[in-house]
1. Using Cα springs under 10 Å in a Gaussian network model of the chain, which residue among N211, N254, N173 shows the largest mean-square fluctuation?
2. For K176, give me every one of the lysines with a C-alpha distance below 29 angstrom, ignoring sequence neighbours fewer than eight places off in its own chain.
3. For the range 129-270, what is the convex hull (Cα atoms) projected area averaged across all directions, in square nanometres?
4. Taking a probe of 1.4 angstrom, what is the accessible area of D227 in Å², to the nearest 10?
5. Please calculate how many Å² of accessible area the range 188-293 carries per residue, with a 1.4 Å probe and no DNA, RNA or ligand atoms counted.
6. In a Gaussian network model over the chain where Cα atoms closer than 10 Å are linked, find which of G348, G250, G111 has the largest mean-square fluctuation.
7. Applying the Karplus parametrisation 6.51 cos²θ - 1.76 cosθ + 1.60 with θ = phi - 60° to the phi angles of the range 275-284, what ³J(HN,Hα) value in whole Hz is obtained for each residue in order, glycine and proline being reported as x?
8. Report the residue, chosen from T231, T130, T172, that carries the largest GNM mean-square fluctuation when the chain is represented by alpha-carbon nodes joined by springs under 10 Å.
Amino acid sequence: MSELADLTERLVSIPSHEDEAAAGDAIEEWLRSETDAAVERDAVGNVLAYKRAGGSGDPLDGGSGTDPDAETFALVGHHDVVPPAERQTTGEGTDGEYVVERRDGRIYGRGTADMKGAVAACLLAFRDATPPAGRELAVASFVGEETGGEGARHAIAEGFVPDHALVAEGSTNYSKPDVTDVVVAHKGRRASTLVAEGASAHASEPEAGENAVYRASDAVDVVRGLDAPETTVFGEVVEGSVVVTMFHGGDTWNVIPDRCEVTIDERTVPGERADLARAESIAGVEWTVDQDLPPMGCGDDAFADAALSVAGEVHEERGLDRPDHVTKPHATDAGWLSEAGTECLVCGPSEPGEAHTETESVSIDVLERCRGIYTGLAEREW
């Protein structure tokens, strides 16, 4: 039997799409029973644990959770999930217990890929790794990742800003089949709204009003003319995008609309944003940002190369092709940590197309591979 598969199944079986407390309890209890680390549970439900630099598993002096004389390397995941499909629960709708199945070398269930399997791999790597002198090893499982990173932002505000972090989101099958790559950059997402104000009038006398739809259309033309953000990280081109996704104006067929709203989805890249404020050059148009999930770009060559070296060794031991440095299209909690000053990488078992699906699953072999990568990197000098 696989200890990693068993722990994954245990975590996946615990519902955590509306309330993450029970899953957090399980992670906290495991850390307290399986390690001698300093374990913390913060006010929003994040679970964090630390091991002293030099390999000691004893709690840190005073249980403060940080060693001021050591650099901190953190393995990071989250234990919240998106709502399950009905087939993924045992009850009516999405209110029942989660269904977990193991077959054909994979574990099926809500949260297997995104990302309780990766959390289990992080926990075991944290327990088993002996960090080198001068390094403190941490593990963190956040709440609220699926709803905007509330857990990560709270932890950062409370002082959790490790020097380096590996966020265990998906990076498998990016460069080639059956390979777990190392992500050196990912896009962010900025959601924003253009509001065009006008003056209503009867449609038979359009000149008596100011058509907000026309003003919004002019603003959309400005957006269409903007260059999408683009940058390069470790020789990998990261291309963003800007696209209008919703357009709403007017209430009835015979009235000139006095208000029109336009929704914009922008995929941002490290250090670059589209100049959407230019849309305000149109009279009566105001631009507001509704959500801004930051991108991530690793700026530490030695850290990125060490991670790729470890991942390559783990793949070679299993007779697999070597992984590559790649980029990821999706925002993760690595963006919040990177924005706060942590050098981040992303590396994890989830494959493209697995997360958030009715048939979500994760490969047990890939989980074991990731466990090896996490343990090896925690022990590697860079």
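The values are calculated or read from the model by the stated rules, or taken from the named source; none is laboratory data. What you see is a predicted model, and the numbers here were worked out from it, not measured in a lab. For neighbour counting, all protein chains shown are included, and Cβ atoms are generated from backbone atoms with ideal geometry for every residue, glycine included. When the accessible area is computed, the model is the full protein with side chains, heavy atoms only, and any ligands, DNA or RNA have been set aside. Shrake-Rupley method; radii C 1.70, N 1.55, O 1.52, S 1.80 Å.
1. Comparing N211, N254, N173 in a Gaussian network model of the chain, the most mobile one is N254.
2. Cα-Cα hits under 29 Å: K116, K187, K328.
3. On the way: hull surface 55.9 nm².
For the range 129-270, the mean projected area of the Cα convex hull comes to 14.0 nm².
4. Counting only protein heavy atoms, D227 exposes about 130 Å² to solvent.
5. Values: 5770 Å² over 106 residues.
Accessible area per residue: 54 Å².
6. G250
7. 7, 5, 4, 4, 5, 6, 5, 7, 4, x
8. Looking only at T231, T130, T172, the biggest GNM fluctuation is shown by T231.
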